Amino acid sequence: MSAMYKSKAAATWLALALGSFGIHRLYLRGFGDKLAWVHPIPTLIGLYGVQRMDQIGQDDRLAWMLIPLLGVMLVQGMISGIVFGLTSDERWNARWNAGLEPRSSGWAAIIGVVFCVFLGGICMMSTIAFSAQRYFESQT
């Protein structure tokens, strides 16, 4: 059985699109990666917080404690995409494609990194702003 080639661009875009659910880890490490299976838990808890805030309103303290989990998971996915996309082709192929014919990743990985930086910055700043606002509102 031959090993499957792992594309740097595909890993970057998977981290961008579904990194909070750990799909990029499943792509790279396979279904045996236990950490990949933990990713959906805080993501879904954060989404539950968003749903609670939508239904109950902004005064729901549980919702504003859960929503930052979603932000953290989104940011970690974006950071993973940035790290994947900026890894040199030589290092990537040595780590993930040892024994296979090396390939160049091209511009797809770099474009993915640009989107990861853009969306990761938005997610990070939104999470910080939301958490700080809720903290200071609870102090008054």
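Remarks
- Test: residue in region 132-139 that is farther than 16 Å from Trp13 by Cα, out of contact with any strand residue (DSSP E or B) (no Cβ under 9 Å at 6 or more places or on another chain) and surrounded by 14 or more Cβ atoms within 10 Å (Cβ to Cβ): yes
- Residue-level check: of (1) crowded, with 19+ Cβ neighbours inside 10 Å; (2) in contact (Cβ under 8 Å) with a residue 24 or more places away in the chain; (3) not polar (S, T, N, Q), Leu66 misses just (2).
- Hits in region 88-98 - residues which are part of a loop (DSSP other than H, G, I, E, B) and either in contact with a Phe, Trp or Tyr (Cβ under 9 Å, 6 or more places away or on another chain) or basic (Lys, Arg) (or both): Asn97
- Pairs, first part of a helix (DSSP H, G or I) in region 29-47, second loosely packed, with under 12 Cβ neighbours inside 10 Å, C-beta under 9 Å, six or more apart: Arg29/Leu35; Ala36/Gly30; Trp37/Phe31
- Selection status of Val50, among the β-branched types (Val, Ile, Thr), within 24 Å of Gln139 (Cα to Cα) and over 12 Å from the mean Cα position of the chain (by Cα): yes
- For region 6-26, a tally of residues being buried (at least 20 other Cβ atoms within 10 Å of the Cβ), of a type outside the set (A, V, I, L, M) and outside any loop (DSSP other than H, G, I, E, B) returns 7.
- Residues located in region 99-131, provided they are over 23 Å from Met73 (Cβ atoms), modelled with pLDDT under 90, surrounded by fewer than 17 Cβ atoms within 10 Å (Cβ to Cβ) and not charged (D, E, K, R): Gly99, Leu100, Pro102, Ser104, Gly106
The values are calculated or read from the model by the stated rules, or taken from the named source; none is laboratory data. Here the structure is a predicted model, which is why all the values come from computation and not from measurement. Because the Cβ atoms are built from the backbone with ideal geometry, glycine has one as well, and the counts that use them run over all protein chains shown.
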